[in-house]
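Data block below; observations after.
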Amino acid sequence: MTSHRLLSPADYRRMPWKNGAGLTHEIAVHPEGAGTAAFAWRVSVAEVARDGPFSRFPGVDRTLVLLAGNGVRLEGPGTPLDLHVPYEPVTFSGEAELECTLTDGAVRDFNLMVRRDAATGKVIVVRESGQAITPAQAYVCFAAAGGSECLIAGYPPIVVAPEHSLVVLVDPETVPPALHVYPTSAQSVALVAVIGAPEARVVQ
């Protein structure tokens, strides 16, 4: 069975960061209502208003996408991570101790977090032309700029207005349906979080 919900910004859950240093608008979380220590996956939009440490999430893989602002640098062990190009996903481990430095003023970013032992995830950027999305157990389509139209097999077309989101959940026993995302204008950009089952691990 497949279910879907169309959400407006008023439906997002407004909450502080795990470390209290910023503000997040939670679009979707699984299991529903799970806190920061119990989610399998989580999709949100964060507001970063000042320099400071990023929250640590052991066991979690993260993907950030710059939505607005002049960018941010994340520094810690290894090579610094730069988010300067809008709509370009950057991935990193939630274990990393990272310091955030704003380039020039506040930024907003799209944030996908997946707990490694419970799910896998990636963010697909859809712009200029339509795209078929890889079959998965859950999809969250966020209309980052302009609107988008989503097609799910067996359902009428669903228009996702700017800043709105479509959340699609697939029962584990169900074959995932095809999802197609189409920009509705030349300026449209959709960010699609694609969440799947955890990867099989080799036992030595």
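If I filter the stretch 119-130 down to residues being buried (at least 17 other Cβ atoms within 10 Å of the Cβ) and either of a type in the set (D, E, K, R) or more than 14 Å from the chain's Cα centre (by Cα) (or both), which single residue comes out as farthest from Ala193 (Cα to Cα)?
If we take residues in the stretch 119-130 being buried (at least 17 other Cβ atoms within 10 Å of the Cβ) and either of a type in the set (D, E, K, R) or more than 14 Å from the chain's Cα centre (by Cα) (or both), then Arg127 is farthest from Ala193 (Cα to Cα).
Given (1) part of a strand (DSSP E or B); (2) touching a residue at least 60 places away in the same chain (Cβ under 8 Å); (3) closer than 24 Å to Glu32 by Cα, where does Val159 come up short, assuming only one miss?
(2)
May I ask you to list pairs of residues, at least six apart or on different chains, whose Cβ atoms are under 9 Å apart, with the first in the stretch 30-55 being crowded, with 20+ Cβ neighbours inside 10 Å and at pLDDT 90 or above and the second being among the basic types (Lys, Arg) and in a loop (DSSP other than H, G, I, E, B)?
Between residues of the stretch 30-55 that are crowded, with 20+ Cβ neighbours inside 10 Å and at pLDDT 90 or above and residues that are among the basic types (Lys, Arg) and in a loop (DSSP other than H, G, I, E, B), there is no close pair.
Residue-wise test of (1) within 18 Å of Val140 (Cβ to Cβ); (2) in contact with a strand residue (DSSP E or B) (Cβ under 6 Å, 6 or more places away or on another chain).
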site	(1), (2)
Arg5	yes, yes
Ile27	yes, yes
Thr36	yes, no
Arg42	yes, yes
Glu47	no, yes
Ser55	no, no
Asp61	yes, yes
Gly69	no, yes
Arg73	no, yes
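Filtering the stretch 131-149 down to residues that are over 21 Å from His25 (Cα atoms) and polar (S, T, N, Q), which residue is surrounded by the most Cβ atoms within 10 Å (Cβ to Cβ)?
Gln137
Between a first residue in the stretch 174-185 that is assigned by TED's automatic domain parsing to the domain that holds Pro135 and a second residue that is part of a loop (DSSP other than H, G, I, E, B) and among the charged types (D, E, K, R), which pairs have beta carbons less than 9 Å apart while being 6 or more apart in sequence or on different chains?
Listed by first residue and then by second, the contacts come to Pro183/Glu128.
Taking the conditions exactly as written (in contact with a Leu (Cβ under 7 Å, 6 or more places away or on another chain), surrounded by 18 or more Cβ atoms within 10 Å (Cβ to Cβ) and over 26 Å from Leu166 (Cα atoms)), does Val65 satisfy them or not?
In short, no.
The values are calculated or read from the model by the stated rules, or taken from the named source; none is laboratory data. Quantities reported herein were computed from a predicted structural model and do not represent experimental measurements. Heads up, the Cβs are rebuilt from the backbone with ideal geometry, glycines too, and the neighbour counts pull from every protein chain shown.
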